């Protein structure tokens, strides 16, 4: 087992520059996605609002909206999708996976049924038996 660990450690040492590049690339992608989400929050493009609704005012919901908008805009940018074609299911399996994650999921979550207000009282649904 220690021989395997040694080979693994050697591999990581030999490829440190490649792994550092991978990490920088991942950071750049995450930063670009944040930028896209914040820009969408400021501009509120019609194609994003059409899918997930307008930017909410409650801070915790606003953050979720920005993350969903960022995924949608990153998907559009990565695959070169025009706004009017966002709801079209792609034929390419790899692109379809990105579409499901970004567009379809955001759309479904935005359509969730609103929480209904329930009237409550002390004896709601209970027989007093008198």
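For the stretch 21-29, indicate whether the set of residues that are touching a helix residue (DSSP H, G or I) at 6+ places or on another chain (Cβ under 6 Å) and at pLDDT 95 or above is non-empty. Scanning the stretch 21-29 turns up no residue that is touching a helix residue (DSSP H, G or I) at 6+ places or on another chain (Cβ under 6 Å) and at pLDDT 95 or above. The set of residues in the stretch 81-96 that are in contact with a helix residue (DSSP H, G or I) (Cβ under 8 Å, 6 or more places away or on another chain), over 10 Å from residue 47 (Cβ atoms) and assigned to a helix (DSSP H, G or I) contains only 95. Considering only residues in the stretch 40-70 that are in contact with a helix residue (DSSP H, G or I) (Cβ under 9 Å, 6 or more places away or on another chain) and not in a helix (DSSP H, G or I), the one that is surrounded by the fewest Cβ atoms within 10 Å (Cβ to Cβ) turns out to be 54.
The values are calculated or read from the model by the stated rules, or taken from the named source; none is laboratory data. Predicted model, so just to flag it, every value in this text is computed and none were measured. Quick reminder, even Gly has a Cβ in these numbers, built from the backbone with ideal geometry, and neighbours come from all protein chains shown.
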